[in-house]
Amino acid sequence: MRLDKVIEQNLKTSRKEMKRLFLMKKVFVDGAIELNQHRNVDSQLHEILVDGQKLKTSHVYYLLNKPAGVVTAKKDAKLQTVTQLVGEEDRPAALYPVGRLDRDTKGLLLLTDNGQLGYDLLQPHAKVAKLYRATVNETVTTADVAAFEKGIIFHGGIRCQPAQLKILNSEAGNSEVLLTIQEGKFHQVKKMFLARGKKVTSLVRLAMGPLILPEDLAEGAYRSLTLAELRQLKTYFR
Ligand code: URA
């Protein structure tokens, strides 16, 4: 949550009083004077000390194992959404998915009500790596690996950044690959293979930045990030 909001909510200050606390150098984050009112903080990660008082935030961060058939949205007129997979008691109004997986894509999705963190994780300059396991309907070759490394150009001319493709198993009609990309263009993985004349027949996201899909998290299930996982996201709090 933005530091100015944390102060206003915890200390019930007016906007003017809140600003004055910054001017008087009475706001400390992790032991240092903080002047940036818009800094994103979470009391699980940061010590927030204002005018001698320790302040708290109450954000939620969930790892969801998205099943196929569910849409990455907050609301949909017809289809079940990823936020609806979260129990109502765990679902603050601002809960939303960070990034987007297609309806038929499965795997790791981060959900949070810390909008600023979600925004910052999706910025292209943040270069958050996304790891996918894909099944492809053709033989995948070392020429494909080289083309992904060079930067795939979509039909239509858009160029992707270099991506790391690893062939796990390559057979005519059915190949298994691991692909790491650092962007999040619409249908990116499917379009990258289409640019090579191949079709992705199944797609699972295994990791996003430091977060890894837990093997024991059933499809459709979610759990809170552990403190260790949340700490790994601290560098993305700006
Ligand atoms: N790329 C895709 O094509 N689809 C997804 O769901 C995610 C990445």
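The values are calculated or read from the model by the stated rules, or taken from the named source; none is laboratory data. It should be emphasised that the depicted structure is a prediction, and the values quoted were computed from it without experimental measurement. Note that we place each Cβ from the backbone using ideal geometry, even for glycine, and neighbour counts take in every protein chain shown.
If you take the residues in segment 81-98 that are under 21 Å from N40 (Cβ atoms) and part of a loop (DSSP other than H, G, I, E, B), which one is nearest to the ligand (Cβ to nearest atom)?
So the residue we want is L95.
Quick check on I48: is it under 17 Å from L117 (Cβ atoms), over 20 Å from the mean Cα position of the chain (by Cα) and assigned by TED's automatic domain parsing to the domain that holds L11? Explain how you work it out, then say what you get.
Working: under 17 Å from L117 (Cβ atoms): yes; over 20 Å from the mean Cα position of the chain (by Cα): yes; assigned by TED's automatic domain parsing to the domain that holds L11: yes.
So I48 passes the test.
Among the listed residues K234, K190, identify the single one that is within 12 Å of the ligand (Cβ to nearest atom) and at pLDDT 95 or above. Reasoning before the result, please.
On the way: K234 fails: within 12 Å of the ligand (Cβ to nearest atom).
The match here is K190.
Could you check segment 144-157 and list, in sequence order, the residues that are surrounded by 12 or more Cβ atoms within 10 Å (Cβ to Cβ), in contact (Cβ under 8 Å) with a residue 24 or more places away in the chain and of a type outside the set (F, W, Y)?
D144, A147, I152, I153
Could you please find all residues in segment 46-80 being polar (S, T, N, Q), surrounded by 15 or more Cβ atoms within 10 Å (Cβ to Cβ) and outside any loop (DSSP other than H, G, I, E, B)?
Scanning segment 46-80 gives a single hit, N65.
From (1) within 16 Å of the ligand (Cβ to nearest atom); (2) under 26 Å from R231 (Cβ atoms), pick out the condition that doesn't hold for V70.
(2)
Does F186 satisfy being hydrophobic (A, V, I, L, M, F, W, C), crowded, with 17+ Cβ neighbours inside 10 Å and over 30 Å from D30 (Cα atoms)? Walk me through it before giving the result.
Values: hydrophobic (A, V, I, L, M, F, W, C): yes; crowded, with 17+ Cβ neighbours inside 10 Å: no; over 30 Å from D30 (Cα atoms): yes.
No: the conditions fail for F186.
Please specify each residue of segment 99-121 satisfying the condition of being of a type outside the set (S, T, N, Q) and away from the ligand (no atom under 13 Å from the Cβ). Reasoning before the result, please.
First, pick out the residues of segment 99-121 that are of a type outside the set (S, T, N, Q): 99-104, 106-111, 113, 115, 117-121.
Once the filter is applied, which keeps residues that are of a type outside the set (S, T, N, Q) and away from the ligand (no atom under 13 Å from the Cβ), segment 99-121 yields L110, L111, D113, G115, L117, G118, Y119, D120, L121.
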